[in-house]
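Let me begin by presenting the structure, written as structure tokens, before commenting on it.
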Amino acid sequence: MPRQRGAPDAPGDAPGPAAGAREAALDAYAGKRDFERTSEPPAAIPDPSAGPLTFVVQRHAASRLHYDLRLELGGVMLSWAIPRGPSADPGERRLAARVEDHPLDYAGFEGVIPAGEYGAGEVVVWDRGTYSPDEGGLLSFHDRGEAERRTRAALAEGKLSLRMRGHRMKGSWALVRTGGGRAEEGWLLLKHRDEAAGVDLGSPLDSVISDLSVDRLKAGHRPDAGLRPPPLRTAELAGARPLPSRDRGERAPMLATAREHAFSRGGWLFEPKLDGVRALARLERGEGGSLEAALTSRRGHDLSASYPLLAGELAAQPLAGAVLDGEIVATDEAGRPSFERLQRRINLADAGEIRRAAVETPVRYYAFDLLELEGYDLARVPLAERARMLSLVISPTARIRLVERIAGDGVAAYRAAVDLGFEGIVAKRSDSPYEPGRRSANWVKVKVRSSEEFVICGYVEGKGSRARTLGSLVLAEHRSSAPGSGRELRYVGRVGSGLREAQLVELRERLDALASEESPLAEIPAEARAARWARPELVCEVTFAERTGSGGLRAPVFLRMRPDRRAAEIVAAPREAVRAGPAERPDRPAASRAPGAGAAEAAAQLEGSTRASLRLAVGDVEVRLTNLDKPLWPPHEGREAVAKRDLLRYLAAAAPSLLPHLRDRPLTLTRYPDGLQGGSFYQRHWEEGRPEWVETVSLPGAGGERRVHVLCNNLATLMWLGQLAVLELHAPLGRLSPAPDAAMPAGPRGEALDALLDRPDYLLFDLDPYIYSGREPEGSEPELNRRAWAATVGVALRLRELLQAAGLASFVKTSGATGLHVHVPVVREPAFDYASVRAICQTFAEFLEIAHPGEVTLRWRTTERRGRVFLDVNQNARAKNMAAPYSPRAKPGAPVSTPLLWEELERVYPGDFTVATLPGRLRSSGDPWSGILGAKQRLSELGLQAAEGGERRGGG
DNA sequence: GTAACAG
DNA sequence: CTGTTACAACGCAAG
DNA sequence: CTTGCG
């Protein structure tokens, strides 16, 4: 690019026409740079474009770290260097030094200016967006020419007031020239007092267009050459189409299909499902040129009058016109969305009542989509782009908020949403268009409790106290009887529980008023024969456990009436699975269907190949396995070495028995990448770089920050752990979910989740013989020997008797080393945290020590345990881990911690149970512990059972 | 075994 | 590009 | 309060 020579214009005065003259405006810029050496863009001025004016703020680590604010005007970027950067606090004025104009392309520049060059150092795009002069509250986003004229005039006066629509800089800002307009270009940047004042501008990452930061650049990271900053102007969005002027086509909200389980998948975005009233917001300039907002319901009703404050704040947005999609939400005391509260406002019509309600039951509008913007239809623009544009142009206020989304990890999003008290999540394909009025498979809702809306077709009379009202409601939904034919009301079930007395009385009255001789149902099932029919007009919402194969409701409970729905809207939701698109990754549930589903297939693939690497198909996902012939356990006592392939074979065979014990327990991985002989390390956190089908949980770690823990909840993850040379599977005694004992209170899971980890779901007795064979090296632990084993078995049997006498069934397994583990599965109850459980175990242990002082010891000093079996109850503690049942052990011979029947205990020897032998044992004898998770016992009933005596359930 | 980082 | 490094951590017993 | 222990 040839450099232009000529008399430099005054900065910012670039007039626009005649290319040669225009580019003279960048002489100062070009004169300071050697474009052979720097990757900064050349001094070129493109032809004028349309749409709002843009701005950029670059964070620039030159000799001093500073920020460069650049405003687009006349084909160049007017620039200010701001040493301390913008402040959102209206009280703080930041010095801004006017510097030379930069080319427009500079706005997308990130990277490193080489040492020795002008401005050497790292540059990232810290913010970008669009701006308009806002003097007098008048915005010119829609009229570029006017925006330029006004900006130029204000610039000449030395006082610019700007409305910024950036990721960080939002609201109104001012640039004021100091020193009464002297030649010196000293300016101040300050924030006006508005809804965006005081909102934190900070963020962990510097760049708003990439994952770069000044620090990462300093550390050697470089911009991704292929990455272009996304467009800032609507016209540049792929798929944006100009709206015909005066087009005011009615829009209908896009709807989501229902799905039972959360899933994680690349290319999808996940947002909380808000329990409120769906509303489109149309913002357009009215007669006087000012912005007016109209809210419309799903059914097209005007809601603006019902929510005047929402409409008011929407109209104050810095927009020239838009259609937003969102949800009107009322919150309870805890800040959770509350439909019940919102209901108080839904049917208000009187202006006075509405004013009162606005104070008593404040609501917010959560925007999550953008259908139109400033003269363009965005329905064909991919969701991710629409969402980005939405967050750019909307300035959050007290009542107008943006729905936050996360990408990819839908299972984590679901967990988080549930913890925070949302009713579920909505998953949306990030590349999908907006499909007005359609129930699309590109949007999928996953609710905490399945709840759906049904048409009430009548009721069945009640008995006893309900004789005067009603027993149950007859529910139906519209379904088409045959493809192409019309639709009819199909019976789905009756709901009787969940109705309060007042609701019963009211419903009886309303249904009697709608009474009809004839049934509205297409077919009347036997259980609805006795119904009193009503015209199908009322709609209610019902939660239920699941749908039966024929679409019926299992365990339905009445939730609430839905006066906002019409019966005609109640159509059976398509229950199809989400179809996989070409660029998608498989989803998680496929990998985790049933415990160990696909284990046989996985084992067959391992048997069928002798290659060192294998892409193992597990369900719909692929686990990459390498170095399958690497020996992980060396040869031992005549047995062959155990290679990674053998470990994986074992894990696949044991998966159905193993996975239920690992489920929902944050694992500690014990890794031996070079086998037992090589070095080992523990790993508890795995922040990034794991396959997306590995389920994780984020828990507070040391220092308070949250760390990502791996859960082994599916076969694919188990195979992955094998690939990682995890030789031992260590898990805590607590687990994260209420299952399988479901003893935890329902309700907000926030506290419950933490509380759950605080409670073991089994008691653990660890029996370790300190009885030496005599062959051990000086000072080392005793090795496995017959005498020690016999003594350990003896103590275990005495322990079993003692527990039995207290009414507790117990289960025994080898530790995999020399000892035994005795598990007592318990129902988790609030009172029985680790401390109390440990105390209970301590009591049992002390009893055994006193009764059999020669055989049992509880001594802490290892030297004082010699000759006895050490009975350790100290493992019953939070954050302590034990080798899981069926976990291999990092000991010579590849032993496995093997569940046993009490009856076989005296006939077996731990050395017989290895990675090589266990699959055969499982095939021929099954899993002795298969019933353990169903054999949970209530510690709170311990005394009772003791009084009755005897073992309630057959242990082991 | 894997990824991030340093050289 | 290759080489190096990190990859856990808590509470109790006992002196 | 430190160290040993799992």
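Do the conditions hold for A:VAL873, that is, is it buried (at least 21 other Cβ atoms within 10 Å of the Cβ), farther than 18 Å from A:LEU721 by Cα, more than 16 Å from DNA strand B (Cβ to nearest atom) and under 39 Å from the mean Cα position of the chain (by Cα)? Walk me through it before giving the result.
Numbers: buried (at least 21 other Cβ atoms within 10 Å of the Cβ): yes; farther than 18 Å from A:LEU721 by Cα: yes; more than 16 Å from DNA strand B (Cβ to nearest atom): yes; under 39 Å from the mean Cα position of the chain (by Cα): yes.
Yes.
Candidates are the residues of segment A:195-238 that are within 15 Å of A:GLU385 (Cα to Cα), not in a loop (DSSP other than H, G, I, E, B) and not acidic (Asp, Glu); the one that is nearest to the chain's Cα centre (by Cα) is A:THR234.
Restricting the search to segment A:268-281, which residues are closer than 15 Å to A:ILE400 by Cβ and either aliphatic (A, V, I, L, M) or at pLDDT 95 or above (or both)? Can you show your working first?
Taking segment A:268-281 as the starting set, the residues that turn out to be closer than 15 Å to A:ILE400 by Cβ are A:274, A:276, A:279-281.
A:LEU274, A:ALA279, A:LEU280, A:ALA281 - these are the residues of segment A:268-281 that are closer than 15 Å to A:ILE400 by Cβ and either aliphatic (A, V, I, L, M) or at pLDDT 95 or above (or both).
Every test in (1) under 28 Å from A:GLN317 (Cα atoms); (2) within 16 Å of DNA strand B (Cβ to nearest atom); (3) basic (Lys, Arg) is passed by A:LYS191 save one, and that test is (2).
When segment A:817-842 is examined, which residues are found to be of a type in the set (Lys, Arg) and either more than 17 Å from A:ASN881 (Cβ to Cβ) or touching a Phe, Trp or Tyr at 6+ places or on another chain (Cβ under 8 Å) (or both)?
Step one: filter segment A:817-842 for residues of a type in the set (Lys, Arg), giving A:828, A:838.
Once the filter is applied, which keeps residues that are of a type in the set (Lys, Arg) and either more than 17 Å from A:ASN881 (Cβ to Cβ) or touching a Phe, Trp or Tyr at 6+ places or on another chain (Cβ under 8 Å) (or both), segment A:817-842 yields only A:ARG828.
Restricted to strands (runs of 3 or more DSSP E) entirely inside segment A:606-703, those with at least 3 residues that are within 16 Å of DNA strand C (Cβ to nearest atom) are A:668-671, A:681-683, A:696-700.
Here A:LEU78 meets each of (1) surrounded by 22 or more Cβ atoms within 10 Å (Cβ to Cβ); (2) under 36 Å from the mean Cα position of the chain (by Cα) with one exception, condition (2).
Quick one: count up the residues across segment A:358-384 that are buried (at least 18 other Cβ atoms within 10 Å of the Cβ) and in a loop (DSSP other than H, G, I, E, B). Can you show your working first?
The first filter runs over segment A:358-384 and keeps only residues buried (at least 18 other Cβ atoms within 10 Å of the Cβ), leaving A:358, A:363-379, A:381-384.
Pick out the ones that are also in a loop (DSSP other than H, G, I, E, B) and you get A:374-375, A:378-379, A:381-382.
The qualifying residues number 6.
Among the residues of segment A:61-105, those identified as farther than 22 Å from A:ALA156 by Cβ and touching a helix residue (DSSP H, G or I) at 6+ places or on another chain (Cβ under 8 Å) are A:ALA61, A:LEU65, A:PRO103. Being closer than 29 Å to A:ALA916 by Cα and either away from DNA strand D (no atom under 16 Å from the Cβ) or crowded, with 19+ Cβ neighbours inside 10 Å (or both) holds for only one residue in A:VAL856, A:VAL827, A:VAL837, A:VAL793, and it is A:VAL793.
Scanning segment A:877-916 for residues that are assigned to a loop (DSSP other than H, G, I, E, B), more than 11 Å from DNA strand D (Cβ to nearest atom) and not small (Gly, Ala, Ser) turns up A:PRO885, A:TYR886, A:ARG889, A:LYS891, A:PRO892, A:THR898, A:LEU901, A:VAL908, A:TYR909, A:PHE913, A:VAL915.
Against the numbered list (1) away from DNA strand C (no atom under 16 Å from the Cβ); (2) more than 34 Å from the chain's Cα centre (by Cα); (3) not aliphatic (A, V, I, L, M), A:GLU864 comes up short only at (1). Only one entry in A:ALA884, A:ALA894, A:ALA890 is farther than 20 Å from A:VAL826 by Cα and more than 14 Å from DNA strand C (Cβ to nearest atom), namely A:ALA894. Against the test of being within 16 Å of DNA strand B (Cβ to nearest atom) and either buried (at least 20 other Cβ atoms within 10 Å of the Cβ) or over 45 Å from the mean Cα position of the chain (by Cα) (or both), the options A:ALA845, A:ALA890 yield a single qualifying residue, A:ALA890.
The rows are residues; the columns are (1) touching a Leu at 6+ places or on another chain (Cβ under 7 Å); (2) not small (Gly, Ala, Ser).
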position	(1), (2)
A:ASP620	no, yes
A:LEU632	yes, yes
A:GLU640	no, yes
A:ALA643	yes, no
A:LEU647	yes, yes
A:ALA655	yes, no
A:THR668	no, yes
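Among the residues examined, A:GLU864 does not qualify as out of contact with any Phe, Trp or Tyr (no Cβ under 8 Å at 6 or more places or on another chain), under 24 Å from A:TYR762 (Cβ atoms), of a type in the set (Asp, Glu) and at pLDDT below 90. Could you please let me know if A:ASP674 is out of contact with any Cys (no Cβ under 8 Å at 6 or more places or on another chain) and closer than 17 Å to A:LEU736 by Cβ? So A:ASP674 does not fit the description; no.
Okay, residues lined up against (1) surrounded by fewer than 18 Cβ atoms within 10 Å (Cβ to Cβ); (2) assigned to a loop (DSSP other than H, G, I, E, B); (3) at pLDDT below 85:
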{"position": "A:ARG356", "(1), (2), (3)": "yes, no, no"}
{"position": "A:ARG386", "(1), (2), (3)": "no, no, no"}
{"position": "A:LEU392", "(1), (2), (3)": "no, no, no"}
{"position": "A:ALA413", "(1), (2), (3)": "no, no, no"}
{"position": "A:TYR434", "(1), (2), (3)": "no, yes, no"}
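Please verify whether A:TRP173 is farther than 16 Å from A:ALA88 by Cα, among the aromatic types (Phe, Trp, Tyr) and out of contact with any Gly (no Cβ under 7 Å at 6 or more places or on another chain), treating the condition exactly as stated. Criteria not met by A:TRP173.
Of the residues screened, A:VAL112 is not one that is touching a Phe, Trp or Tyr at 6+ places or on another chain (Cβ under 9 Å) and over 14 Å from A:PRO318 (Cβ atoms).
The requirement of being hydroxyl-bearing (Ser, Thr, Tyr), surrounded by 19 or more Cβ atoms within 10 Å (Cβ to Cβ), touching a residue at least 24 places away in the same chain (Cβ under 8 Å) and more than 16 Å from DNA strand D (Cβ to nearest atom) is satisfied by A:SER810.
Tally up the residues in segment A:211-230 that are touching a residue at least 40 places away in the same chain (Cβ under 8 Å) and either loosely packed, with under 12 Cβ neighbours inside 10 Å or not aliphatic (A, V, I, L, M) (or both), please.
7
So for segment A:723-742 (the condition being of a type in the set (Val, Ile, Thr), within 16 Å of DNA strand D (Cβ to nearest atom) and at pLDDT 65 or above), does at least one residue qualify? No; the residues of segment A:723-742 include none that is of a type in the set (Val, Ile, Thr), within 16 Å of DNA strand D (Cβ to nearest atom) and at pLDDT 65 or above. Within segment A:385-432, the residues that satisfy the criterion of being under 29 Å from A:MET164 (Cα atoms), among the aliphatic types (A, V, I, L, M) and under 13 Å from the mean Cα position of the chain (by Cα) are A:ILE406, A:ALA407. Listed by first and then second residue, the pairs with beta-carbon distance under 7 Å, at least 6 apart or on different chains, first residue in segment A:657-686 and charged (D, E, K, R), second within 16 Å of DNA strand D (Cβ to nearest atom) and outside any loop (DSSP other than H, G, I, E, B), are A:ARG665/A:ALA731; A:ARG665/A:PRO732; A:ARG671/A:PHE681; A:ARG684/A:THR668. Checking segment A:108-115 against the condition returns a match, with at least one residue being surrounded by fewer than 20 Cβ atoms within 10 Å (Cβ to Cβ) and without any contact (Cβ under 8 Å) to a residue 40 or more places away in the chain. For segment A:765-795, a residue qualifies if it is under 17 Å from A:GLU849 (Cβ atoms) and not in a helix (DSSP H, G or I), and the qualifying residues are A:PHE765, A:ASP766, A:LEU767, A:ASP768, A:PRO769, A:TYR770, A:ILE771.
The values are calculated or read from the model by the stated rules, or taken from the named source; none is laboratory data. Everything quoted here is computed from the prediction, not taken from an experiment. Please note: Cβ atoms are built from the backbone with ideal geometry, for glycine as well, and neighbour counts cover all protein chains shown.
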